[in-house]
Every structure is written in structure tokens, then in C-alpha cells.
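Participant: Once you've had a glance at the structure underneath, I'll fire off some questions.
Bear in mind that the values in this text are calculations on the coordinates, not laboratory data. Here the structure is a predicted model, which is why all the values come from computation and not from measurement. Positions of Cβ are generated from backbone atoms using ideal geometry, with glycine treated the same way; all protein chains shown enter the neighbour counts.
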């Protein structure tokens with residue numbers, strides 16, 4: 001009798017390539033892409049896209065990271081990124097998705113800059129940190145605030161990881177393709193009304209500083225940095 | 001010009017099978033195992049074993065979960081598992097490992113019961129929850145306490161996920177092979193001195209209750225339940 005097959009398989013159905021697989025060979029992929037004779041582009045609908053990084057090894061997110069909001073609200077801006085939380089990989093979706101809001105009305109939103117680490121990045125200097133970033137994309141940090149703050153020592157991750165609570169995408173932009181990778185606009189609208197707008201130059205901790213906190217094997221992790229320049233209320 | 005290969009590959013080197021792959025076909029595996037004509041056992045050294053689940057989709061851990069300790073210390077035992085934190089997958093190792101302790105001497109330890117979810121387990125009833133458990137193993141929840149409690153809203157995950165901070169194993173035991181899966185001894189010794197000893201019947205939240213909190217895609221996640229019956233000091 002033979003054991004069932006245990007060979008690894010791409011996660012996507014049919015013959016579609018698995019976007020996750022490319023991050024394990026990122027350097028080879030980018031050098032190929034520079035000279036590749038690419039076929040004509042095929043049309044696609046954005047709502048058919050999944051997350052650009054479907055199964056990152058880690059997601060870590062830096063909280064209390066918006067200097068404008070800190071100034072307005074009287075919070076002291078921390079000296080180092082102390083509030084580092086995670087969202088669970090199971091909550092990641094593409095950019096167009098349906099989310100079932102939990103009962104009670106406590107669900108909140110925050111636009112995020114999402115950096116995808118393409119190279120192992122342990123103990124990287126700030127000057128070298130951008131060289132480890134495969135690309136940037138946008139994300140939403142949905143949170144069920146009642147659960148996030150419940151209990152004797154509130155841990156954020158579960159209430160930020162309900163099904164669909166991590167939309168990302170639609171695609172990855174290489175830092176090389178940006179005029180100024182340290183000054184990007186981030187905005188969030190709800191039903192046509194703009195709720196947030198800010199620029200990443202106002203982040204307290206931008207992309208490079210996370211590298212100092214990066215744990216062992218952070219290749220293909222997501223780092224999200226919120227820029228909440230115009231908070232509600 | 002051809003793109004670089006992006007096919008999925010087992011994570012382990014050479015021809016060794018990838019233990020992770022079996023969890024995607026857990027039912028097929030267990031029914032095969034019941035009648036398989038297994039070859040003669042081969043000797044191995046425990047220190048050569050990696051983690052029984054090298055790349056779980058999630059790790060979630062239930063804190064404040066030891067009724068004896070709560071009674072001793074005067075803490076109120078919570079009504080529901082409110083302190084749910086995570087350890088990052090990158091910190092998982094096999095049972096025999098070397099860990100570089102961070103400077104400052106704040107590293108602490110706690111023995112854990114680790115349950116591996118073998119079937120999708122969203123909104124499972126408590127009565128059915130054990131049927132979703134592929135197996136149990138032991139784990140250590142190493143924590144760097146200063147980092148764990150730092151900042152304005154301490155988030156545990158990073159300080160519990162430094163390199164090597166999640167030893168697990170040596171192997172998975174099927175709940176069917178246990179006389180009483182709800183009453184297991186857990187103990188922890190340091191340099192021959194027993195620091196913890198307890199039984200899982202004293203867990204406030206044992207294996208079944210996690211199922212109510214289980215997020216969307218929790219197949220192949222780890223759930224750890226601490227039993228700290230004899231705390232230090």
C-alpha cells in the first residue's frame with residue numbers, strides 16, 4: 001500500500017501560477033524581469049486579484065505611528081516602535097472583497113503602507129533597509145475594537161484578524177519605480193467620503209526602522225505602517 | 001527567455017519528506033496509517049528532529065489559563081479566554097535546540113500543551129472539538145519579559161517570537177492513543193530541578209473551548225495552553 005501523496009503543490013487551482021512562490025527566488029526573478037521578452041498584456045479585472053503576498057511568513061505592524069495624530073491628541077510619540085502587533089495570515093485578501101462585520105458596530109479601519117520584505121533582513125542597517133524591500137502595496141487594517149481592547153492585557157491580533165480583515169493590493173510596486181519612496185500619499189474613503197489622507201514622510205517610523213526589530217527569518221513578511229493624518233471625530 | 005522556476009518545493013533538503021505536507025491530507029493520511037504495512041523502524045536521534053509542524057498557518061496561545069496559579073495569586077480567572085496571543089511561526093524549532101538569550105536576563109519559560117488542528121475548525125461545538133485535533137505535543141513558551149511588557153499597550157508576540165523561542169515536539173501523539181486526553185501531566189525542569197508540574201484537567205480553558213474563538217482558516221494551527229501549577233517565587 002502506498003502512502004497518500006505529500007508533495008508540495010501550489011495553493012491556487014488549475015494552472016494559475018502561485019504568486020507566493022516568486023518571493024523565494026526574488027533576486028532571480030527581478031534580474032529575469034529586467035530583460036524578459038514579455039508577451040502582450042492580458043486584460044484582467046481588479047476584483048479577481050488575490051493578495052499580492054498570499055502566505056507571508058510573518059505580518060508585523062507598527063502602531064502609534066502617525067505624528068500628526070499624536071500631536072493632535074496629545075499622545076507622546078514613542079522613541080522606538082514599541083507597539084508592534086501582528087495580523088494573522090488567514091485574514092489576508094485581495095483589494096476587492098466582502099467582509100462580514102461582526103455584531104455590535106465596533107469595526108474600525110485604517111489605511112496602511114504595506115512593505116514586502118524580499119530578502120532576509122536580520123540586523124540590517126537603516127541605510128541598507130530599502131534594499132531588502134521587494135515592493136510596496138496598500139492595505140487596510142480592519143479592527144474590531146471591542147475585542148481588541150478586551151481583557152486584562154489586551155492583545156490586538158485576534159480582533160484584527162477576523163475573516164477578510166486584511167485586504168491588500170492590488171499589486172506590488174517596486175521602490176525603484178517611485179519618484180520618492182519616502183513620501184507617498186495614503187488615503188482612505190468610505191462611500192465616497194475621504195476619511196484619511198496623509199503622506200508617508202510624516203510616519204514616525206517609516207520603512208527603514210523596522211529592520212532593527214526584524215526577527216530571525218523575515219523574508220517575505222509584510223510590514224504595515226499606518227498614516228492616519230486626519231482621524232475621525 | 002524563460003522565467004525562473006516558481007514551483008513549490010519541500011522545505012527540507014535532499015529527499016527527506018516535508019512533515020508539513022501531511023496536514024493538508026490529514027484524513028487520507030490517518031486512514032492510510034491504520035492499515036499501512038510499515039517498514040521496520042529506523043533509529044534516529046531526538047536532537048535531529050525539527051518541529052512536528054514546521055509551518056502552521058497560525059499559532060494562537062491562551063494566556064491566564066492556570067486555575068491553581070490564579071487561586072494562589074488572587075487573580076480573577078476570566079470567564080472566557082480573553083488573553084489570546086500569538087507566537088510567530090519563524091520562532092518554531094524542534095525539541096532540542098540552542099537559544100541565544102537576549103541581554104538583560106529577562107527571559108522566562110512556561111511549559112505548554114500544544115494542540116495541532118488537523119481539520120478546518122470554524123464555529124465548531126465544544127462537543128465536536130476534539131475531532132478536529134490531529135494531535136498533541138509539548139512546547140515551551142519562551143518570553144523576553146521586558147519587551148513583552150514594554151510600551152503604552154504591550155503586545156506580547158514579538159518578545160515571545162525571538163529566534164528559537166518556540167521549541168515543540170518531539171512528536172505528535174494522536175488523542176486516540178491517550179487514556180484520558182483531558183488529564184495529561186505537564187512538567188518543566190531546568191538543569192534537573194523541576195520548576196513546573198501540573199495536569200491539564202486544571203486548565204481553565206482546555207482544548208475544546210478554543211474552537212469558539214477559532215478564526216477562518218485554522219487548519220494546521222497550533223493552540224497552546226499553559227499549565228503553570230507551581231510558579232516560581
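Participant: In nm, one decimal, shortest first: how far is the label point of residue A:154 (7 Å from Cα along Cα to beta carbon) from the matching points in the other copies?
Facilitator: Result, one decimal in nm: 1.6.
Participant: Would you mind listing the distances between the residue A:30 label point and the same position in each other copy? Use 7 Å along Cα-to-C-beta, nm, one decimal, shortest first.
Facilitator: 4.5
Participant: List the distances, in nm to one decimal, from the label point of residue A:119 to the label points of the same position in every other copy, shortest first, placing each label point 7 Å from Cα along the Cα-to-Cβ direction.
Facilitator: 4.6
Participant: What ranking do A:100-110, B:105-115, A:30-40 get when scored by the average of other Cβ atoms within 10 Å per residue, highest first?
Facilitator: Going from most to least packed, we get B:105-115, A:100-110, A:30-40.
Participant: Moving on to the next point. Among A:44-54, B:191-201, how do they line up by average Cβ neighbours within 10 Å per residue, starting with the highest?
Facilitator: With the highest mean Cβ count within 10 Å placed first, the list reads A:44-54, B:191-201.
Participant: Taking beta carbons within 10 Å but only from partner chains, what does the mean come to for residues B:147-157?
Facilitator: Average per residue, whole number: 6.
Participant: Based only on other Cβ atoms within 10 Å, what is the fewest-to-most ordering of A:91, A:188?
Facilitator: Least crowded to most crowded, the residues run A:188, A:91.
Participant: With just the Cα atoms defining each centre, how far is region A:82-109 from region A:153-172? Give it in Å.
Facilitator: Answer, in whole Å: 4.
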